[in-house]
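Here's the structure, in structure tokens; my notes come after.
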């Protein structure tokens, strides 16, 4: 992948925006008694899953047309840039179906088969966690960090 294909900052910012947009689709169906279908593997799927993934794919293909895309509700798309998007429009479909707000829109990006960007948006909780290689991690836009405590008993 070359920088002309989009810097990690550009990709991260795009993924964050795409996750917010997909999250808005899921919220239209959340706690509405949405109809549930069964996929071939017997896992549940809803119109919210399908609509959110369709939107994510359309957004990615419009901005990064030569990138690969892997998702749950559509066929994989091969790319030519060395960058691949992995999308899960509703991680936690069973929670979503039962009106439990513990579900997320997940977007990952690999560059040359290495993890590079990750976004987890929890629409019903209005939370967003995002990170990119070399750019750190944020929670709702604020820098997140791990503790420098190495022994559990020192953590309190």
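The values are calculated or read from the model by the stated rules, or taken from the named source; none is laboratory data. This structure is a prediction, so every number in the text was calculated from the model and none was measured. Heads up, the Cβs are rebuilt from the backbone with ideal geometry, glycines too, and the neighbour counts pull from every protein chain shown.
With the requirement that a residue be assigned to a loop (DSSP other than H, G, I, E, B) and closer than 22 Å to residue 7 by Cβ, what does region 118-156 give you? Give the derivation first.
Going through region 118-156, the residues assigned to a loop (DSSP other than H, G, I, E, B) turn out to be 126, 133-135, 140-141, 145-151, 155-156.
Of everything in region 118-156, those that are assigned to a loop (DSSP other than H, G, I, E, B) and closer than 22 Å to residue 7 by Cβ turn out to be 133, 134, 135, 141.
A quick yes/no check of all residues on (1) within 18 Å of the chain's Cα centre (by Cα); (2) surrounded by fewer than 17 Cβ atoms within 10 Å (Cβ to Cβ); (3) closer than 18 Å to residue 10 by Cα; (4) at pLDDT 95 or above:
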{"site": "84", "(1), (2), (3), (4)": "yes, no, yes, yes"}
{"site": "96", "(1), (2), (3), (4)": "yes, no, no, yes"}
{"site": "99", "(1), (2), (3), (4)": "no, yes, no, yes"}
{"site": "111", "(1), (2), (3), (4)": "yes, no, yes, yes"}
{"site": "125", "(1), (2), (3), (4)": "yes, yes, no, yes"}
{"site": "131", "(1), (2), (3), (4)": "yes, no, yes, yes"}
{"site": "156", "(1), (2), (3), (4)": "no, yes, no, no"}
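Name, by its number, the condition in (1) surrounded by fewer than 20 Cβ atoms within 10 Å (Cβ to Cβ); (2) under 23 Å from residue 135 (Cα atoms) that does not hold for residue 58.
Residue 58 satisfies all of (1) surrounded by fewer than 20 Cβ atoms within 10 Å (Cβ to Cβ); (2) under 23 Å from residue 135 (Cα atoms) except (2).
Given the criterion surrounded by fewer than 19 Cβ atoms within 10 Å (Cβ to Cβ) and more than 12 Å from the chain's Cα centre (by Cα), identify the matching residue among 21, 31. Give the steps one after another, and end with the answer.
Working: 21 fails: more than 12 Å from the chain's Cα centre (by Cα).
Going through 21, 31 in turn, the sole match is 31.
Only strands (runs of 3 or more DSSP E) wholly contained in region 1-91 count here; list those with 3 or more residues that are touching a helix residue (DSSP H, G or I) at 6+ places or on another chain (Cβ under 8 Å). Lay out the reasoning, then the answer.
Working: elements: 36-38, 44-46, 68-70, 83-91.
Of the strands (runs of 3 or more DSSP E) lying wholly inside region 1-91, those with at least 3 residues that are touching a helix residue (DSSP H, G or I) at 6+ places or on another chain (Cβ under 8 Å) span 44-46, 83-91.
In region 1-26, what residues are more than 13 Å from residue 111 (Cα to Cα) and modelled with pLDDT under 95?
4
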